[in-house]
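Asks: Sharing a structure below in structure tokens format, with a few things to ask.
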Amino acid sequence: MSSSTAIPPSRGIIPLSGSRRGLLIQAGLLVAVVLLGWWFWSNAQTNMAARGLQFGFGFLDRSAGIPIGEYMIPYTPADTYRRALTVGLLNTLRVAIVGIALCTVFGILLGLARLSSNPLLRGLVGGYIEVIRNTPLVLQLVFWHAVLLQLPSVRQALNPLPGVFLSQRGMKIPGLMADTALLVFLLAALIGAIGWWLLLRRERARQIATGDRRATLLPGLLMLFGFPALGMALGFVPIVEWPELAGFNFEGGLALSPEFFALLVGLVVYTSAFIAEIVRSGIQSVHKGQWEAARALGLPPGRIMRLVILPQALRVIIPPLTSQYLNLTKNSSLAIVIGYPDLVSVANTSINQTGQAIEVISIFMAVYLIISLVTSGLMNWYNAKVALLKER
């Protein structure tokens, strides 16, 4: 009987496990990124030194000498580059915030019209969406700017609504004078809106607990309009400035330049076409059994859409809608094509005058990153609020 002999262990290379291999790959990528960053930094330092430049943000405190036609805060060319870039940032936020609000409204309306039972309306909206989505945004901005520049002169300005004038110099609309009365009015309206929101929350909790829910529309409207009316009764009446023709231009009211108006219209028209398709697909993702069950309960079409379909469709709509909000904000940088002084336009002028390209580019890259992160954070929070809760 032969005795079995032990097999000596192999002295070859010990194979790496999956986790170790992943750690080595990540470490290698980190080293590569660090080396690339070091090369970029040293190369930039060498090139800047060769041109007599020094890296730093000290230029922000120098006088800019940049003329900016539109500004939301007081500005003169004698102000610093820091002030000029702030003006550009506020102009960007101005068109982004207003554009997001308007394109949301128009996008929802177009999306609902896209599902209309009327074949003519459905076909017209479908054709509009296809044309707008397949036309470059830059071309649309140039088109709208050219259309506005073809409007009549100031003395022959179009007057489609009382107090609204359209001319080659843009749009003039009534505006509220910034004073204490306006501040009290807005504060009262905010208090009314918060009160309505708290009432909605209370009644929603009441409905979940007892199945009973009281009407909130009339009490909410009373709070929303009642508090400002109370402030006006106490003497805090906002003063409305109406635009009036004086000489070769209008005085008073709120002015929207042709560049701002063209940029806003172009962004809203372009983005609302994409939002319309997002809304349409979100509504169609809701199973038709939901429609049938709601009709069986005797609900009218408007309440079916508002109470049954849209709450379920929002889970599909919100993620791509967030992307469109981010696209609109970033697409506002195309304002340089039509001469609107946004952040990128002011930054480009600053680069040409100072030569501090790396610093200026890093500033507006950081600004757009922060804006995108804030927008994404708010939309993700809302998405979590409307998401279905998992059963415990």
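The values are calculated or read from the model by the stated rules, or taken from the named source; none is laboratory data. These figures come from a predicted structure and were not determined experimentally. Counting neighbours? That spans all protein chains shown, and the Cβs are built from the backbone with ideal geometry, glycine included. Keep in mind that these areas ignore ligands, DNA and RNA; they rest on the heavy atoms of the full protein, side chains included. Shrake-Rupley method; radii C 1.70, N 1.55, O 1.52, S 1.80 Å.
Asks: Among the residues in the range 168-188, are any under 23 Å from the mean Cα position of the chain (by Cα) and open to solvent by 80 Å² or more (accessible area, probe 1.4 Å)?
Replies: Checking the range 168-188: at least one residue is under 23 Å from the mean Cα position of the chain (by Cα) and open to solvent by 80 Å² or more (accessible area, probe 1.4 Å).
Asks: Okay, moving on. Would you mind stating whether residue 220 is under 30 Å from residue 156 (Cβ atoms) and at pLDDT below 90? Full working, then the answer.
Replies: Numbers: under 30 Å from residue 156 (Cβ atoms): no; at pLDDT below 90: yes.
Spelling it out, it is not the case that residue 220 is under 30 Å from residue 156 (Cβ atoms) and at pLDDT below 90.
Asks: Could you go through the range 71-82 and let me know if any residue there is buried (at least 18 other Cβ atoms within 10 Å of the Cβ) and either closer than 17 Å to residue 358 by Cα or in contact with a helix residue (DSSP H, G or I) (Cβ under 8 Å, 6 or more places away or on another chain) (or both). If you could, list the steps in order and put the result at the bottom.
Replies: Step one: filter the range 71-82 for residues buried (at least 18 other Cβ atoms within 10 Å of the Cβ), giving 75, 79, 81.
Of the ones still in play, those that are also either closer than 17 Å to residue 358 by Cα or in contact with a helix residue (DSSP H, G or I) (Cβ under 8 Å, 6 or more places away or on another chain) (or both) are 75, 81.
Yes.
Asks: Return only the number of the condition from (1) in a strand (DSSP E or B); (2) crowded, with 18+ Cβ neighbours inside 10 Å; (3) out of contact with any Pro (no Cβ under 7 Å at 6 or more places or on another chain) that residue 273 does not satisfy.
Replies: Every listed condition holds for residue 273 apart from (1).
Asks: Identify the residue in the range 53-68 that is out of contact with any Asp or Glu (no Cβ under 8 Å at 6 or more places or on another chain) and in a loop (DSSP other than H, G, I, E, B) and, among all such residues, is surrounded by the most Cβ atoms within 10 Å (Cβ to Cβ). Explain how you work it out, then say what you get.
Replies: Filtering the range 53-68 for residues out of contact with any Asp or Glu (no Cβ under 8 Å at 6 or more places or on another chain) gives 53-54, 58, 60-62, 65-68.
After this cut, where a residue has to be in a loop (DSSP other than H, G, I, E, B) as well, the list is 53-54, 62, 65-68.
Numbers: 53: 18, 54: 11, 62: 12, 65: 13, 66: 21, 67: 11, 68: 19.
For the range 53-68, the residue satisfying everything is 66.
Asks: Moving on. Is it the case that the range 342-352 has a residue that's outside any helix (DSSP H, G or I) and either at pLDDT below 85 or basic (Lys, Arg) (or both)?
Replies: Pass one, the range 342-352, residues outside any helix (DSSP H, G or I): 342.
From what is left, the residues that are either at pLDDT below 85 or basic (Lys, Arg) (or both) are none.
Scanning the range 342-352, I find no residue that is outside any helix (DSSP H, G or I) and either at pLDDT below 85 or basic (Lys, Arg) (or both), so the answer is no.
Asks: For residue 258, indicate whether it is in contact with a helix residue (DSSP H, G or I) (Cβ under 9 Å, 6 or more places away or on another chain), within 25 Å of residue 144 (Cα to Cα) and surrounded by 12 or more Cβ atoms within 10 Å (Cβ to Cβ). Spell out how you get there, then give the answer.
Replies: Values: in contact with a helix residue (DSSP H, G or I) (Cβ under 9 Å, 6 or more places away or on another chain): yes; within 25 Å of residue 144 (Cα to Cα): yes; surrounded by 12 or more Cβ atoms within 10 Å (Cβ to Cβ): yes.
Considered against the rule, which asks whether it is in contact with a helix residue (DSSP H, G or I) (Cβ under 9 Å, 6 or more places away or on another chain), within 25 Å of residue 144 (Cα to Cα) and surrounded by 12 or more Cβ atoms within 10 Å (Cβ to Cβ), residue 258 comes out as yes.
Asks: Mind checking which residues of the range 189-201 are among the small types (Gly, Ala, Ser) and surrounded by 15 or more Cβ atoms within 10 Å (Cβ to Cβ)? Step through it out loud before you land on a result.
Replies: Initially, the range 189-201 is screened for residues among the small types (Gly, Ala, Ser), giving 189, 192-193, 195.
189, 192, 195 - these are the residues of the range 189-201 that are among the small types (Gly, Ala, Ser) and surrounded by 15 or more Cβ atoms within 10 Å (Cβ to Cβ).
Asks: Restricting attention to the range 39-46, does a residue exist that is surrounded by 11 or more Cβ atoms within 10 Å (Cβ to Cβ) and modelled with pLDDT of 85 or more? So that I can check it myself, show each step before the final result.
Replies: Residues of the range 39-46 surrounded by 11 or more Cβ atoms within 10 Å (Cβ to Cβ): 40-41, 44-45.
Pick out the ones that are also modelled with pLDDT of 85 or more and you get none.
No, that holds for no residue.
Asks: With the checklist (1) at pLDDT below 85; (2) open to solvent by 50 Å² or more (accessible area, probe 1.4 Å); (3) in contact with a Pro (Cβ under 8 Å, 6 or more places away or on another chain) in hand, flag the one item residue 209 doesn't pass.
Replies: Result: residue 209 fails condition (3) only.
Asks: When you go through 337, 346 one by one, which is the residue that is within 23 Å of residue 79 (Cβ to Cβ), over 18 Å from the mean Cα position of the chain (by Cα) and in contact (Cβ under 8 Å) with a residue 60 or more places away in the chain? Spell out the reasoning first.
Replies: On the way: 337 fails: within 23 Å of residue 79 (Cβ to Cβ).
Of the residues listed, the single one that is within 23 Å of residue 79 (Cβ to Cβ), over 18 Å from the mean Cα position of the chain (by Cα) and in contact (Cβ under 8 Å) with a residue 60 or more places away in the chain is 346.
Asks: Among the residues of the range 331-366, what is the count of those that are more than 25 Å from residue 257 (Cα to Cα), among the polar types (S, T, N, Q) and open to solvent by less than 10 Å² (accessible area, probe 1.4 Å)?
Replies: Final tally of qualifying residues: 0.
Asks: Right, something else. Identify, please: which residue in the range 138-156 is surrounded by 16 or more Cβ atoms within 10 Å (Cβ to Cβ) and touching a residue at least 60 places away in the same chain (Cβ under 8 Å) and is, among those, farthest from residue 258 (Cα to Cα)?
Replies: Taking the candidates together, the pick is 140.
Asks: In addition: Select from the range 110-137 the residues that are within 23 Å of residue 301 (Cα to Cα), among the hydroxyl-bearing types (Ser, Thr, Tyr) and in contact (Cβ under 8 Å) with a residue 24 or more places away in the chain and list them in ascending order. Full working, then the answer.
Replies: The initial filter retains those residues of the range 110-137 that are within 23 Å of residue 301 (Cα to Cα), namely 110-126.
If we keep only those that are among the hydroxyl-bearing types (Ser, Thr, Tyr) as well, we get 116-117.
Selection gives nothing.
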